[in-house]
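One structure is given here, and the rest of the page talks about it.
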Amino acid sequence: MKTAILADIHANLQSLEAVLEDCERRGVNKYWLLGDYIDYGGNPIEVLKLLENLGDKIEYVLGGNHDASLLNLAPCVSHEFMEYSQRLYNQNPKDFAWLEKVTGNEIIYALDNKAILVHGSIDNPYWGRSPINFHDMERMGCDLLFCGHSHNQFIRAKSQPMRRPKFKSETIEIKIDAAVSQIGRRQTIINPGSVGQPRNGSPLAQYAILEENNITFRHVEYDINAAVKAIQKAKLPDYFWERLYVGQ
């Protein structure tokens, strides 16, 4: 079983299309979606429809801070960030029906309760950051935490330095089988990176594939120029598209 883990798509249709094509080529069976599907990019409605069309391939899905802000489920992000999504939502809420359906989930248990999925952190599901969340993992009895929000791809095991994949696809082995429950287990936090607006210095669309005891961090080329044109057409701030070229 191959599971693609996607986070922080942010209305970037072109990057999502490229990632889904990469998933298809690599035989992905299931998807875990970690939130923030709207804002920043120029195609929020198209992104939501494309995700909805994944249907039963989506095993787990939850909302991020931008999604929850639009639906008044979390403190509001900057008006500048969400003005375009808010306008589209006000014009036709039905276009956001899938988002309304999935955003109520804040924390999800997976892998027979050995893993937790969250957008931010366990103590602050929408806005928190998770690099030092090991105490909460211990409290909730999980060995793996999959999170988004920071737009930075990384893996960090307890008592170990954070490891950030190089700007290429990389496979890292983690231990998630039955042996994890034995003495000597090491809790691990994984961020798959951002599909639609990476902030680690790489402009490539980023996500991860989980297969047995391996996590593969993927970096995928996509048509940034087309994504930029969509942002410009939506009359969004220039720095929304400028940062795509530099991954910041």
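FYI, it's all coordinate maths here, none of it is from the lab. Values in this document were obtained by computation on a predicted structure and should not be read as measured data. Counting neighbours? That spans all protein chains shown, and the Cβs are built from the backbone with ideal geometry, glycine included.
For the chain, what does the helix formula give at 222 nm: sum of -39500 (n - 2.57) over DSSP H segments with n ≥ 4, over the residue count, nearest 500 deg cm²/dmol? Mind dumping the intermediate values first?
Working: 8 runs with 73 residues, N = 248.
When only DSSP H runs of four or more count, the value is -8500 deg cm²/dmol.
What list do you get for 221, 100 if you sort them by fewest beta carbons within 10 Å? Each step should come with its number before you reach the end.
Working: 221 11, 100 16.
In order of increasing Cβ crowding within 10 Å: 221, 100.
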Close lysine pairs (the chain; alpha-carbon distance under 22 Å; 8 or more apart or on separate chains) counted at 24
Cα extents of segment 1-86 per principal axis, largest first, Å, are 39, 23, 16
Whole-percent tail of the Cα-Cα distance distribution for the chain, cut at 35 Å, equals 9
Along segment 211-219, Karplus-curve 3J(HN,Hα) (6.51, -1.76, 1.60; θ = phi - 60°) to the nearest Hz, with x for Gly and Pro, reads 9, 6, 9, 10, 10, 10, 8, 9, 10
Taking a crude spin-label model, label points 7 Å out from Cα along the C-beta direction, the residue 21 to residue 56 distance in nm is 2.8
